[in-house]
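Report on the following structure.
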Amino acid sequence: MEVLDAFLIVFSPETITMILLGVFGGIVIGALPGLTVNMGIALLLPLTYTFQGMTGILLLLGVYCGAVYGGSITAILISTPGTPASAATVLDGYPMARKGQAGRALGLSTLGSMFGGIFSTIALILIAPQLAKVATGFSAAEYFALAVFGISIITSVSSHSIIKGLMGGALGLAIATIGLDPMTSGMRFTFDSVYLMGGISFIPILVGLFAFSQGLISFEEGYRERNQTTLNAIKAKIDRILPTKADFKRVLPTYLRSSAIGTGIGTIPGVGGDISSFIAYNEAKRWSKHPEEFGKGSPEGVAAPEAGANSVTGGCMVPLMTLGIPGDGATAIIMGAFMVQGLALGPQLFTDNPVEVNSIFIGLMMANIFLGILGFLCMRMFVKVMDVPRSILVPIILVLCCVGSYSVNHNITDVFVMIGAGIFAYVLIKLDFSMSPIVIGMILGPMAESNLRRALTMSQGDLSILYTRPVTATFLAIALLTLLLPVIGPTVKAYWKKRKNK
Amino acid sequence: MNKINTIIGVISIVFGLLIIYLSRNMGMFDEYGVPGERFWPFGLALLFIFLGVMQCLSVVIDKAKHITQTVDLSSTAVTRAYLLSGLIILYSTALYYIGFIVSSLIVIPIIMWMMNERKVKRLALASVGIVAVVYVSFDIIFNSPLPIPAFLD
């Protein structure tokens with residue numbers, strides 16, 4: 001019955017159109033160098049307010065799938081990955097295009113993306129409910145440990161410096177403390193401002209951090225590129241895009257292997273599509289009968305990273321839906337859309353909102369199918385998108401940032417908050433900070449704080465509740481290891497290397 | 001980069017101390033030992049101070065690593081980006097007073113001009129096109145009203 005209800009939701013004219021538009025918009029965003037997946041999702045996040053129920057969330061999932069795939073178009077044609085996840089596709093995609101096989105490479109990447117996406121969605125449908133069953137018995141102490149574990153993935157999503165990543169996370173946690181206290185409803189850091197009493201609006205901050213700052217970066221890059229020569233665009237005719245039977249037979253094992261790798265990696269919070277695509281590429285080379293072709297235009301070299309990167313989308317949804325932990329920056333922003341709709345992520349989502357859960361499964365599957373259909377049918381149009389000059393893109397981004405932030409509460413203060421966050425993010429990015437830790441801190445901060453205080457209320461202030469319960473202790477130990485490993489790891493490695501040399 | 005990294009560390013320490021100061025009137029624990037309003041912010045403040053100290057230490061330890069790294073906060077391109085931010089602040093103010101359509105029709109060609117776009121036809125078409133698409137999408141399709149002039153509100 002719930003599945004039928006979910007089908008009715010997803011296949012309602014409004015929702016299915018929004019998924020299709022989301023995928024289309026995502027591909028366009030991914031195909032534009034300089035525009036990121038996170039930016040696309042953040043830019044469209046305010047729109048989720050205008051939809052009732054699951055439509056807004058499914059729109060964002062469509063953007064997510066589309067944008068991860070869209071990055072491969074520029075990777076193949078102009079040797080510039082549209083998204084970090086497509087960086088590995090350049091290695092063989094661009095050489096194929098230079099050999100006059102641009103259509104073949106684009107076809108293999110489209111099919112690989114669709115294959116990876118569908119594979120990971122099936123894995124999500126099979127794994128998530130089982131994992132949620134295990135997690136249903138969790139109490140406040142376990143939820144606190146889960147939130148800490150989620151926060152600890154900051155070390156993996158930080159750009160270069162772990163300390164700066166942690167500072168970003170702490171900043172997100174600090175922003176989340178502004179407003180009414182979750183337990184006592186006392187005011188914290190509101191400075192007698194009515195606006196701050198409800199806490200700093202989450203969506204304008206996200207739009208500022210990911211979209212406005214990106215707009216400024218694109219503007220700056222556009223300014224620098226003024227006197228530079230144009231990119232090495234492949235102007236070769238794109239003829240056949242649909243892969244031949246022989247090509248499909250050749251790359252099928254690569255699709256399967258890479259999809260399994262991507263799904264597995266996606267379920268590990270904080271790892272992400274860029275790492276997955278490189279691991280999938282390496283494995284494809286290792287298993288290939290023609291490893292010498294890699295780097296010179298091997299079909300497997302295109303198929304592997306694309307299937308690997310897109311299968312992360314379903315994988316990332318496993319920890320997000322079952323434990324409420326975002327797998328990467330993009331899913332952290334999507335988590336915001338769930339919050340907007342009043343849906344609490346975690347095991348209770350499966351018991352309290354089974355229709356919504358099934359809608360996500362079906363919607364994600366449809367998004368991946370649309371991805372393939374749009375990829376094959378509209379490829380020539382997506383290729384043309386690359387020609388849109390920055391001088392038109394930048395005003396579009398900046399105007400959309402302002403309008404989107406305004407549309408959340410129809411309050412002009414939100415626009416100023418967004419601009420403030422955007423300028424701050426622009427400077428932080430220059431200083432080597434990553435934006436994802438801030439979002440993760442903002443989202444998981446309230447969960448960590450309220451559950452810690454609830455757990456300590458239950459134990460009457462006894463801290464042993466955090467290390468005597470097995471699940472809590474395990475998650476906290478993993479979190480501690482995740483936080484310490486990047487610091488201790490290299491030292492231990494250097495020690496063993498030194499010892500081995502002796 | 002070393003100098004800037006040290007400044008970042010100091011800012012983190014100062015921010016931690018500021019949180020401690022601003023939360024001084026909140027309760028840390030209640031009579032049953034249950035954490036109060038100050039408990040979490042105080043922990044965060046300590047974290048900021050710890051990370052600030054670690055950041056300063058890392059500058060001393062990894063001095064050679066960051067010596068060649070540079071941060072561009074004042075080149076012409078970056079200054080132009082700051083200028084653009086200022087323009088967007090003006091645009092947001094204008095959104096409130098003169099509404100979305102007029103302010104956007106003014107700001108879009110200015111941004112394009114700043115990006116070296118000199119074709120008048122393209123400036124005009126892009127401005128009208130962007131405003132029309134955004135207006136139709138938000139106001140008509142998604143039923144999310146855009147700012148209208150304050151005197152019409």
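Just so it is clear, none of the values below were taken in a lab; they were calculated from the coordinates. In this text the structure is predicted, and so the values were computed from the model without any measurement. Glycine gets a Cβ as well: all are built from the backbone with ideal geometry, and neighbour counts include every protein chain shown.
Mind sorting B:THR76, A:THR474 by how few other Cβ atoms lie within 10 Å of their own Cβ, fewest first?
B:THR76, A:THR474
For the cross-link pairs A:LYS285/A:LYS497; A:LYS384/B:LYS119; A:LYS99/A:LYS289; A:LYS164/A:LYS430; A:LYS249/A:LYS285, which exceed 19 Å when the distance is taken from alpha carbon to alpha carbon?
Among A:LYS285/A:LYS497; A:LYS384/B:LYS119; A:LYS99/A:LYS289; A:LYS164/A:LYS430; A:LYS249/A:LYS285, the Cα-Cα distance tops 19 Å for A:LYS285/A:LYS497; A:LYS384/B:LYS119; A:LYS99/A:LYS289.
Which value in Å is the Kirkwood Rh of chain B over different Cα pairs? Kindly include the intermediate steps, with their values, before the conclusion.
On the way: mean 1/r = 0.0488 Å⁻¹.
Every distinct Cα pair counted, the radius reaches 20.5 Å.
Relative to the longest principal axis of the C-alpha atoms of chain B, give the angle of the C-alpha long axis of helix B:120-135, reported between 0 and 90° and rounded to the nearest 10°.
It works out to around 70 degrees.
Once R0 is set to 41 Å, what does the formula 1/(1 + (r/R0)^6) return for the Cβ-Cβ distance between B:LEU83 and A:ASP239, expressed as a FRET efficiency to the nearest 0.05?
Efficiency at R0 = 41 Å is approximately 0.35.
Which of A:LYS497, A:LYS245, A:LYS296 has the fewest other C-beta atoms within 10 Å, and how do the rest follow up to the most?
Fewest-to-most ranking of A:LYS497, A:LYS245, A:LYS296: A:LYS245, A:LYS497, A:LYS296.
Quick check on chain A: what does the Kirkwood estimate of hydrodynamic radius come out to from the alpha carbon pairs, in Å?
This gives a value of 23.2 Å.
Could you grab the Rg to Rh ratio for the stretch A:47-89? Cα atoms only, Kirkwood for Rh. Don't skip to the answer; put the middle values down first.
On the way: Rg = 13.8 Å, Rh = 11.4 Å.
We get a ratio of 1.21 for the stretch A:47-89.
Can you tell me the equivalent ellipsoid semi-axes for the stretch B:2-67? Use √(5λ) from the Cα gyration tensor, largest first, whole Å.
With the √(5λ) rule applied to the stretch B:2-67, the semi-axes are 32, 11, 5 Å.
Working from the alpha-carbon coordinates of the stretch B:76-152, get Rg over Rh, Rh being the Kirkwood radius.
Rg/Rh for the stretch B:76-152 comes to 1.02.
Students often forget the sequence filter, so: which aspartates and glutamates lie under 20 Å Cα-Cα from A:LYS133 once same-chain residues fewer than 8 apart are removed?
A:GLU2, A:GLU142, A:ASP352, A:GLU356
Taking amide H atoms as placed 1.01 Å from N in the peptide plane, list the residues 5 or more away in sequence, or in a different chain, whose amide H sits under 5 Å from that of B:PHE29.
The list, which skips near neighbours in sequence, is B:GLY36.
Ignore the peptide's own chain and count Cβ atoms of other chains within 10 Å of each Cβ in A:451-460; give me the average, rounded.
That average works out to 3.
Counting other Cβ atoms within 10 Å, which chymotrypsin sites (Phe, Trp or Tyr not before Pro) in the stretch B:22-97 have at most 11 and lie in a DSSP loop?
On the way: sites: B:PHE29, B:TYR32, B:PHE39, B:PHE42, B:PHE48, B:PHE50, B:TYR82, B:TYR91, B:TYR96, B:TYR97; in loops: B:TYR32.
Qualifying residues, ordered by number: B:TYR32.
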